[in-house]
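For reference, the structure is listed below as structure tokens.
The values are calculated or read from the model by the stated rules, or taken from the named source; none is laboratory data. Treat the numbers as computed from the prediction; the structure is a model and nothing was measured. No Cβ is skipped: glycine too gets one built from the backbone with ideal geometry, and neighbour counts run over all protein chains shown.
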Amino acid sequence: MRATKEYRLKVTEEAQKIVDQLTLEQKVSLMSGSIVDLNKVTQEQIMEMMGGMLSDDNHYNMTPYPAGGLEEHNVPPMLFVDGPRGVVCGTGKSTCFPVSMARGATFSPELEEKVGNCIGREVRAFGGNLFAGVCINLPYNPGWGRSQETYGEETYQVGKMGAALVKGVQDEDVMACVKHYAFNDMENARFKCSVTCDQRTEQEVYLPHFKDCIDAGAASVMSAYNRYNGVQCGHHKYLLSQVLKKEWDFDGFVMSDFCWGVLDTVEAANGGQDMEMMWTQYFGERLVKAVQDGFVPEERINDAALRIVRTILAFDKDHKEYDMSVVGCPEHIAVAKEVAEKAITLIKNDGVLPLKREETKKLALIGKLANTAIIGDHGSSWVRPPYVVTPEDGLKKANAECEVIFDDGSDLERAKKLAAESDAVVFVVGYNYDDEGEFISGDQASNYTGAMGGDRKRSLGLHEDEIKLLQEVGPVNEKSAAVLVGGNMIMMTEWYDKVNAVIMAYYPGMEGGTALAEIIYGDVNPSGKLPYVVPYSEDDLPHVDWEATDQYYEYYHGYTRLEKNGVKPLVPYGFGLSYTTFDITDPKAVVDGDELKVTVNVKNTGAIDGDEVVQVYVGFENSAVDRPVKQLRGFRRVSLKAGEEKEVEITTPLEKLKWYDPVYREWKLEKMEYPVYVGSSAAEEDLVKTAVTIS
């Protein structure tokens, strides 16, 4: 209930009475993180504090970070907890879920809402009241180092999944903070780069998923480090005041990204920034003086204070309470395992999988990642769970009669010999926290976790030694499967035909090894779908200079770019294989009020139970303006027993079919016939077609 704007606005009168009693200094005190006042400490003390975050017993966000709060007026502080793959507080306790990109591969908002419930409970158990793990930035290019923290390349899907996380977290009386608003899709250059694009690209591609989360009731928004059209996002009056607060009618508060998200007192305050995190530097005494000197109107301070007090009161009054028994509890770990099972995506299978236990007595497990805890980035999203099941752990447990022999793959001749002597081979290759993730350069007090992270500047493919490993050792055994680990698309062209099966595991969380082994042996039927396209060539994707000070975003990226250019991908968007087969037939599409309603028959035509993700794409070939060939505009995960058939209905608001007219600054719904495609991926051969006319 607290997730709704209607509920929170009922607290306005109470919050206003409190704000009316406050001095200017008290109101401004609500608007900053209270870890430390940087104006009162030395640079050496700051460096010492940042360096201390490298230790496990004093890491980043070890406990919730406070901001504001006025005890004398019964206003609790905002208590910040980071994410998004779980609660980053504590050590050896929190549930580590698969990363958001993996959760995007489930195409299940219902499951993501359950993840939000679990995370919300753990936030409360650690003493927090805000979860800043709803990361919904859209990768312009999959090389973005923090891609793993978002759900995919398609704004519609990202919006649906982000909104589900908002609802789940806020159902537990925890404020959800949506980040990083906006255009934060480059890591190495995030502190200096200015993104530019035309207004249709802004409105149709990079902002809709943020609005979806606001419409779902998000309590808070975090502004981004980067600039947009030359203006710091944390100061951006157009983004923060015009679009977010006025056009979208956002009732919550905006906080800056940490430490370097506010760079000017007056610009930030007048631009619409409500809270400087995680410490006081440009707000505090500087902001008080800016108001006294007439540079910032006190009405702006009053608005920020009201937003903060109202939101905190709405979530903290008679809130749900949980103790530490819920942190890393069996119920939450079971959800993490379920997500991994439904996320892991089977991309290729030439009759190899599932492996039969009775025929697999000796398994070669090759690759340096096969016996490591592959849970993702070591930046601000680093969750420290009580344990992690590695691929080796999972495969050994899944088949006690099988001898699993690990080899790191560094000696190709040794690996070939092992592969030849084994009944099957599983390669585990890809990335870790040094290859991709959050990055802070030496200019920003060194990377506070010790990991390299950053964007994938070298290539979007595997490391050279892993490519060579798959090329030379893959063909040795006819039962060979490559398991890919990473936060976004990995190029496969150079070795795709050298192995018989390919699995995308993403960063699958603390139970990832268990889920992977279950899928390899067929205990779980794979059902994940790629939330991105895999091209034959990196040249088919938009070019990004990862060290740029200025980067232009074109209208097209990902699968819509390939389709517009008539380029066939290696693996289409939304693709994922199963151990059973499905028929999708008899599509129908009608306009029902302000919604597009699509129905289709789905039948499991195979011998085992399984899940299919039914996807609806709407075409724009009849448009009078330049638009994508088609776009995802609906999806639903369906469970079917062997031989079972269901009619599936998928609805989407007609709002999602509109285009943005920059001349009149308004959204327009074209009166025309819209092709409607329904199927199991974006590929033409996986879709059945109907049409609907909007008149």
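Each residue in region 507-556 was checked for being assigned to a loop (DSSP other than H, G, I, E, B) and among the β-branched types (V, I, T), and 4 pass. Region 234-345 holds helices (runs of 4 or more DSSP H) entirely within its bounds, and those carrying 2 or more residues that are buried (at least 24 other Cβ atoms within 10 Å of the Cβ) map to 265-271, 298-316, 330-343.
Condition check ((1) in contact (Cβ under 8 Å) with a residue 60 or more places away in the chain; (2) exposed (fewer than 14 other Cβ atoms within 10 Å of the Cβ)) across all residues:
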site	(1), (2)
S578	yes, no
T585	yes, yes
D594	yes, yes
V598	yes, no
N604	no, no
E612	yes, no
V616	yes, no
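Suppose we keep only residues that are in contact (Cβ under 8 Å) with a residue 12 or more places away in the chain and surrounded by fewer than 15 Cβ atoms within 10 Å (Cβ to Cβ) within region 17-31. Which one would you say is farthest from the chain's Cα centre (by Cα)? Checking each candidate, the answer is Q21. Would you call L207 modelled with pLDDT of 95 or more, over 21 Å from S381 (Cα atoms) and within 19 Å of the chain's Cα centre (by Cα)? Judged against the criteria, L207 is a match.
Residues are listed down the side, and each one gets a yes or a no for (1) in contact with an Asp or Glu (Cβ under 9 Å, 6 or more places away or on another chain); (2) under 27 Å from F582 (Cβ atoms); (3) not in a helix (DSSP H, G or I):
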| position | (1), (2), (3) |
| --- | --- |
| N622 | yes, no, yes |
| R637 | yes, yes, yes |
| T651 | yes, yes, yes |
| E655 | yes, no, no |
| V678 | no, yes, yes |
| A682 | yes, yes, yes |
| V692 | yes, yes, yes |
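For region 590-620, a tally of residues being among the basic types (K, R) and under 20 Å from S578 (Cβ atoms) returns 1.
Rundown of residues vs (1) part of a loop (DSSP other than H, G, I, E, B); (2) in contact with a helix residue (DSSP H, G or I) (Cβ under 9 Å, 6 or more places away or on another chain); (3) at positive phi; (4) of a type in the set (A, V, I, L, M), yes/no style:
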residue	(1), (2), (3), (4)
G566	yes, no, yes, no
T580	yes, no, no, no
T585	no, no, no, no
A589	no, no, no, yes
L596	no, yes, no, yes
T599	no, no, no, no
K603	no, no, no, no
A607	yes, no, no, yes
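Of the listed requirements (1) modelled with pLDDT of 75 or more; (2) out of contact with any helix residue (DSSP H, G or I) (no Cβ under 8 Å at 6 or more places or on another chain), E14 misses just one: (2). On the stretch given as region 512-543, residues that are out of contact with any Pro (no Cβ under 7 Å at 6 or more places or on another chain) and farther than 21 Å from S147 by Cα total 8.
Identify all residues within region 459-482 that are assigned to a loop (DSSP other than H, G, I, E, B) and among the acidic types (D, E); write none if there are none. Once the filter is applied, which keeps residues that are assigned to a loop (DSSP other than H, G, I, E, B) and among the acidic types (D, E), region 459-482 yields only E478. Taking region 209-250, which residues are in contact with a Leu (Cβ under 7 Å, 6 or more places away or on another chain), polar (S, T, N, Q) and within 20 Å of S194 (Cα to Cα)? Passing the criteria: S223, Q232. Counting only residues that are in contact with a helix residue (DSSP H, G or I) (Cβ under 9 Å, 6 or more places away or on another chain) and not in a loop (DSSP other than H, G, I, E, B), region 180-200 holds 3 of them.
Can you tell me which residue is surrounded by the most Cβ atoms within 10 Å (Cβ to Cβ) among those in region 346-366 that are of a type outside the set (A, V, I, L, M, F, W, C) and assigned to a loop (DSSP other than H, G, I, E, B)? So, considering only residues that are of a type outside the set (A, V, I, L, M, F, W, C) and assigned to a loop (DSSP other than H, G, I, E, B), the one surrounded by the most Cβ atoms within 10 Å (Cβ to Cβ) is T360. Listed residues E204, E267, E187, E172; which is under 23 Å from Y660 (Cα atoms) and in the same structural domain as D293 (by TED's automatic domain parsing)? After ruling out the rest, the residue left standing is E204.
The set of residues in region 238-296 that are under 26 Å from S380 (Cβ atoms) and among the small types (G, A, S) comprises G252, S256, G261, A268, A269, G271, G272, G284. Give the residues of region 367-393 that are surrounded by 24 or more Cβ atoms within 10 Å (Cβ to Cβ) and outside any loop (DSSP other than H, G, I, E, B), sorted by residue number. Correct list: P391 only.
Only one of the numbered conditions (1) crowded, with 18+ Cβ neighbours inside 10 Å; (2) assigned to a helix (DSSP H, G or I); (3) not β-branched (V, I, T) is not met by L632, and that is (2).
Is there a residue in region 146-165 that is of a type in the set (D, E) and outside any helix (DSSP H, G or I)? Within region 146-165, one or more residues are of a type in the set (D, E) and outside any helix (DSSP H, G or I).
State all residues of region 62-98 that are surrounded by 23 or more Cβ atoms within 10 Å (Cβ to Cβ), touching a strand residue (DSSP E or B) at 6+ places or on another chain (Cβ under 7 Å) and in a loop (DSSP other than H, G, I, E, B); if no residue qualifies, say none. Within region 62-98, G68, G83, P84, V87, V88, C89 qualify. Of all the residues in region 116-163, those that are of a type in the set (A, V, I, L, M, F, W, C) and within 13 Å of the chain's Cα centre (by Cα) number 9.
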